[in-house]
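Written below as structure tokens is the structure these notes are about.
The values are calculated or read from the model by the stated rules, or taken from the named source; none is laboratory data. Keep in mind the model is a prediction, meaning the values are calculated, not measured. Backbone-built Cβ (ideal geometry, glycine too); neighbour counts: all protein chains shown. The protein model used for the area step is the full one, side chains on, heavy atoms only, and it has no ligands, DNA or RNA in it. Shrake-Rupley method; radii C 1.70, N 1.55, O 1.52, S 1.80 Å.
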Amino acid sequence: MDTDLLIELVPHYVAMLVLVFLVLGILRAVAGDLGFWVELAIIFVVVFLYRPAVQLLDVAPSAWERQ
């Protein structure tokens, strides 16, 4: 892979990871212990909705726009 492409993608993957921890932290504070499977489902939802949300906000990296 191209190094410039990877450098462009790293902030988005870091932001996605931070968003997952933020969402889980908020939900744990509000609802308490959710259980492993519920938390895993929440992680999948956040991860799969991140890319369309970033593209909708028009801040997606060019690597995602080419696909």
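Applying the set (1) within 14 Å of the chain's Cα centre (by Cα); (2) touching a residue at least 12 places away in the same chain (Cβ under 8 Å) to Leu5 leaves exactly one unmet item: (1). Against the numbered list (1) modelled with pLDDT of 95 or more; (2) more than 12 Å from the chain's Cα centre (by Cα); (3) aliphatic (A, V, I, L, M), Val18 comes up short only at (2). Pairs linking a residue in the range 37-61 that is closer than 19 Å to Val10 by Cα to a residue that is of a type in the set (Val, Ile, Thr) and surrounded by 14 or more Cβ atoms within 10 Å (Cβ to Cβ), with Cβ atoms under 9 Å and 6 or more positions apart or on different chains, are Ile43/Val20; Ile43/Val23; Val46/Val20; Val46/Val23; Val47/Val20; Tyr50/Val20; Ala60/Val54; Pro61/Val54. If the condition is being under 20 Å from Leu9 (Cβ atoms) and open to solvent by less than 60 Å² (accessible area, probe 1.4 Å), then the range 19-29 contributes only Val20. For the range 30-67, the tally of residues that are open to solvent by less than 60 Å² (accessible area, probe 1.4 Å), within 28 Å of Thr3 (Cβ to Cβ) and out of contact with any Leu (no Cβ under 7 Å at 6 or more places or on another chain) stands at 6. Filtering the range 36-58 to residues that are in contact with a helix residue (DSSP H, G or I) (Cβ under 7 Å, 6 or more places away or on another chain) and not hydrophobic (A, V, I, L, M, F, W, C) leaves Glu39, Tyr50, Arg51, Gln55.
Tallying residues that are of a type in the set (Gly, Ala, Ser) and either touching a helix residue (DSSP H, G or I) at 6+ places or on another chain (Cβ under 6 Å) or within 15 Å of Arg51 (Cβ to Cβ) (or both) within the range 2-31 yields 1.
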